[in-house]
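The values are calculated or read from the model by the stated rules, or taken from the named source; none is laboratory data. Quick caveat: nothing in here was measured; it's all calculated off a predicted structure. When we count neighbours, we look across all protein chains shown, and the Cβ atoms used for this are built from the backbone with ideal geometry, even at glycine.
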Amino acid sequence: MSESSLRTRDALGLLRRHWLITVLLGIGAFLRLLTWFAYQPAILFGDSFRYLDNIGVHHPGGLHPIGYDLFILDAVTAVGGLAAVSAVQHVAGMAAAFALYLLARRYHAPNWLAAIAAAPLLLDGYQLQIEQLIMSDTWQSVLLVSVLWLLLGKRPPNPALAGLAGVLLGVTAMFRLVAVPLVIPALCFLVIAGGEWRSKIGWRKIALRSGALLVGFALVLAGYATYFHAETGEWKLSRTTGNVAYGRAAAVADCEQLDLTRLERLACPDEPLSERKGINYYAHIRADDQWRARFPPGTDITQVQEDFGMATLKAQPLSVAGAVMKDVLKGFAPVRTQSYNDVPLHWWQFQREYQFYSHEDLTRAYVQKYDGSQPTARPTIATVLRAYQLTIGYTPGTLLGVFGVIALLAGFGVGRARHTGLRSAALLSVGLAFTILGASAMFEFSWRYQLPALALLPIAGVLGITAFRQATSAPPEASKDSKDSKDSKDSKDSKDSKDPEAPEAREAREAPETEPEEQLPGPDGVRLRDHVSPPSLDIERA
């Protein structure tokens with residue numbers, strides 16, 4: 001048999017063994033082609049114009065950090081216009097989904113279960129729509145998947161990988177500042193991963209890799225803050241803190257009960273508390289000339305908004321926390337719904353005609369500038385996409401919540417999941433998810449801000465399920481050496497009782513050797529079988 005025939009046979013065999021993810025990738029590619037052809041060259045939202053205006057300028061003092069225009073728009077628009085940007089984003093979305101599949105397989109998930117980790121990112125209609133928008137959201141998810149790979153691809157992670165993960169977290173914050181708190185779950189993971197915390201030597205390793213993560217993260221943010229200062233004269237990462245704080249506070253502030261300065265009292269909403277508008281309205285109210293006119297000339301309105309927000313938070317912490325928690329829980333609803341004063345849901349849904357978002361003239365001008373054409377929609381394809389998205393083409397929030405709960409149960413070692421080495425991996429994934437969802441809800445609820453959950457919660461749930469599956473299939477504890485006395489076994493068990501993940505190492509020593517089937521590269525160079533491997537191959541080495 002010729003070499004080319006052997007390669008063809010091997011390729012077909014690989015596709016046959018991984019048929020489910022192959023089918024899902026094919027469907028995902030087809031849906032993305034439909035989306036790309038349906039709305040040419042791309043869809044422009046209000047924020048899109050700010051990103052495009054910052055190409056080649058990269059002024060950090062606007063509403064958004066400069067990561068998207070600096071790293072993506074500069075290069076892609078130079079060679080292909082807006083159509084190229086949307087195409088690249090679709091490819092990046094598929095690549096991130098496939099990376100999740102490979103990560104799940106690396107952690108011994110069977111093929112069908114690993115495919116579940118990738119399916120929401122591949123098939124969700126809201127993800128498809130956001131990839132067609134000139135917005136930074138796609139890249140946030142791509143970067144988060146990259147961070148997962150850096151921290152989970154090798155166990156335990158070494159300082160070099162941890163440092164690179166810190167750099168990527170910093171870059172993610174340059175795309176959307178809401179990513180800044182993600183360093184917290186990443187640090188927690190580096191403390192518990194591999195069980196190194198059980199020894200003094202282990203704590204040195206923890207210090208090295210945690211320090212590397214913090215240094216990488218701090219270098220990026222310090223560099224960005226320095227650039228911000230050079231451009232604006234202010235030591236900040238953004239000027240939008242006031243907008244965010246004021247938007248959340250104005251929706252719940254009971255001004256009659258607040259101790260406010262004269263300027264802060266001018267910022268009180270005109271509407272009675274029971275008739276307040278949505279957070280998005282108040283967050284952008286500074287653009288209203290009539291509203292700004294209420295302040296004396298020369299007033300730093302941004303500072304007034306920030307002070308008003310802090311005063312409200314101090315006086316009404318439960319009101320603010322309750323509103324934030326309510327918005328967090330909205331994302332786990334079984335269907336996509338819109339509550340009173342929420343960001344309009346239809347903004348993130350396919351429309352039968354091209355969606356101009358009340359900026360038709362501006363959209364036409366920008367499309368002409370970058371692509372030399374006019375924005376168009378193909379109604380037939382658009383109608384199909386809309387029907388898909390509104391019926392079966394979205395991931396129920398309840399399912400994402402179930403994934404999160406499973407990951408938490410496995411991560412905290414409930415039941416026999418404590419006997420596997422996947423606990424810290426599950427906790428990292430779910431920790432990143434809940435952190436970014438919570439941080440986004442601190443501003444406001446929008447279904448757009450729920451999209452990172454598609455990348456993080458399914459893989460978290462899959463890792464949790466894999467932990468329970470491996471624990472269930474684990475062989476009973478037994479001593480291999482018949483010469484071991486009962487006293488020595490009791491002594492070993494006594495040590496293990498103080499060590500929640502010690503059974504991993506014991507299972508690794510005692511597991512029988514088996515002949516692997518189709519293999520994939522595993523953590524620390526271990527070769528993984530195509531089906532679920534025994535827990536003995538999946539330990540977090542101390």
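Is it true that some residue in the range 36-51 is surrounded by fewer than 17 Cβ atoms within 10 Å (Cβ to Cβ) and either without any contact (Cβ under 8 Å) to a residue 40 or more places away in the chain or touching a Gly at 6+ places or on another chain (Cβ under 7 Å) (or both)?
yes
Output the residues belonging to the range 214-235 that are in a helix (DSSP H, G or I) and small (Gly, Ala, Ser).
Gly216, Ala218, Ala222, Gly223, Ala225, Ala230
Return the residues of the range 273-327 that are in a loop (DSSP other than H, G, I, E, B), buried (at least 17 other Cβ atoms within 10 Å of the Cβ) and of a type in the set (S, T, N, Q); say none if nothing qualifies. Please lay out each step first, then the result.
Applying the first criterion (in a loop (DSSP other than H, G, I, E, B)) to the range 273-327 yields 276-278, 284, 288, 293-300, 316.
Still in the running and buried (at least 17 other Cβ atoms within 10 Å of the Cβ): 276, 278, 316.
Gln316, the sole residue that qualifies.
Please go through (1) closer than 25 Å to Val384 by Cα; (2) in contact with an Asp or Glu (Cβ under 6 Å, 6 or more places away or on another chain) for Tyr39 and return the number of the only condition it doesn't satisfy.
(2)
Within the range 151-162, how many residues are surrounded by fewer than 22 Cβ atoms within 10 Å (Cβ to Cβ) and either closer than 30 Å to Phe356 by Cα or out of contact with any Asp or Glu (no Cβ under 8 Å at 6 or more places or on another chain) (or both)? Talk me through it step by step, then tell me what you get.
Of all residues in the range 151-162, those surrounded by fewer than 22 Cβ atoms within 10 Å (Cβ to Cβ) come to 153-154, 158-161.
Adding the requirement that they be either closer than 30 Å to Phe356 by Cα or out of contact with any Asp or Glu (no Cβ under 8 Å at 6 or more places or on another chain) (or both) leaves 153, 158-161.
Within the range 151-162, residues that are surrounded by fewer than 22 Cβ atoms within 10 Å (Cβ to Cβ) and either closer than 30 Å to Phe356 by Cα or out of contact with any Asp or Glu (no Cβ under 8 Å at 6 or more places or on another chain) (or both) number 5.
Could you identify the single residue in Gly211, Gly166, Gly202, Gly194 that is at positive phi and in a helix (DSSP H, G or I)? Write out each step before concluding.
Values: Gly211 fails: at positive phi; Gly166 fails: at positive phi; Gly202 fails: at positive phi.
So the residue among Gly211, Gly166, Gly202, Gly194 that is at positive phi and in a helix (DSSP H, G or I) is Gly194.
Return the only residue of Arg209, Arg198 being surrounded by 24 or more Cβ atoms within 10 Å (Cβ to Cβ), in contact (Cβ under 8 Å) with a residue 24 or more places away in the chain and among the basic types (Lys, Arg).
Working: Arg198 fails: surrounded by 24 or more Cβ atoms within 10 Å (Cβ to Cβ).
That would be Arg209, the only listed residue that is surrounded by 24 or more Cβ atoms within 10 Å (Cβ to Cβ), in contact (Cβ under 8 Å) with a residue 24 or more places away in the chain and among the basic types (Lys, Arg).
Restricting to the range 377-391, name every residue that is among the β-branched types (Val, Ile, Thr) and surrounded by 14 or more Cβ atoms within 10 Å (Cβ to Cβ). If you could, list the steps in order and put the result at the bottom.
First, pick out the residues of the range 377-391 that are among the β-branched types (Val, Ile, Thr): 380-381, 383-384, 391.
Scanning the range 377-391 gives Ile381, Thr383, Val384.
Which of (1) closer than 20 Å to Ser424 by Cβ; (2) touching a residue at least 40 places away in the same chain (Cβ under 8 Å) is the odd one out, the single condition Arg204 does not satisfy?
(2)
Does at least one position in the range 68-80 carry a residue that is within 19 Å of Leu385 (Cβ to Cβ), crowded, with 21+ Cβ neighbours inside 10 Å and touching a residue at least 24 places away in the same chain (Cβ under 8 Å)? Steps first, answer last, please.
Going residue by residue through the range 68-80, those that are within 19 Å of Leu385 (Cβ to Cβ) are none.
No, because not a single residue in the range 68-80 is within 19 Å of Leu385 (Cβ to Cβ), crowded, with 21+ Cβ neighbours inside 10 Å and touching a residue at least 24 places away in the same chain (Cβ under 8 Å).
Look at Gly247 and say whether it is outside the structural domain of Arg448 (by TED's automatic domain parsing), crowded, with 16+ Cβ neighbours inside 10 Å and either of a type in the set (A, V, I, L, M) or closer than 17 Å to Arg448 by Cα (or both).
On the way: outside the structural domain of Arg448 (by TED's automatic domain parsing): yes; crowded, with 16+ Cβ neighbours inside 10 Å: yes; either of a type in the set (A, V, I, L, M) or closer than 17 Å to Arg448 by Cα (or both): no.
Spelling it out, it is not the case that Gly247 is outside the structural domain of Arg448 (by TED's automatic domain parsing), crowded, with 16+ Cβ neighbours inside 10 Å and either of a type in the set (A, V, I, L, M) or closer than 17 Å to Arg448 by Cα (or both).
Among the residues of the range 150-162, are any of a type in the set (D, E, K, R), farther than 29 Å from Gln470 by Cα and in contact with a Lys or Arg (Cβ under 8 Å, 6 or more places away or on another chain)?
Here is the first cut: in the range 150-162, the ones of a type in the set (D, E, K, R) are 154-155.
Next, only the ones that are farther than 29 Å from Gln470 by Cα stay: none.
Among the residues of the range 150-162, not one is of a type in the set (D, E, K, R), farther than 29 Å from Gln470 by Cα and in contact with a Lys or Arg (Cβ under 8 Å, 6 or more places away or on another chain), which makes the answer no.
Got at least one residue in the range 86-97 being in the same structural domain as Trp19 (by TED's automatic domain parsing), out of contact with any Leu (no Cβ under 7 Å at 6 or more places or on another chain) and touching a residue at least 60 places away in the same chain (Cβ under 8 Å)? Outline the logic, then answer.
Of all residues in the range 86-97, those in the same structural domain as Trp19 (by TED's automatic domain parsing) come to 86-97.
When the remaining residues are screened for being out of contact with any Leu (no Cβ under 7 Å at 6 or more places or on another chain), the result is 86-92, 95.
Right, trim to touching a residue at least 60 places away in the same chain (Cβ under 8 Å) and you get none.
Looking for residues that are in the same structural domain as Trp19 (by TED's automatic domain parsing), out of contact with any Leu (no Cβ under 7 Å at 6 or more places or on another chain) and touching a residue at least 60 places away in the same chain (Cβ under 8 Å), one finds none in the range 86-97, hence no.
Which of the residues spanning the range 1-53 are in a loop (DSSP other than H, G, I, E, B) and closer than 19 Å to Ala117 by Cβ? Full working, then the answer.
So the first thing to find is which residues in the range 1-53 are in a loop (DSSP other than H, G, I, E, B), and the list is 1-2, 18, 41-42, 44-45.
Result: His18, single match.
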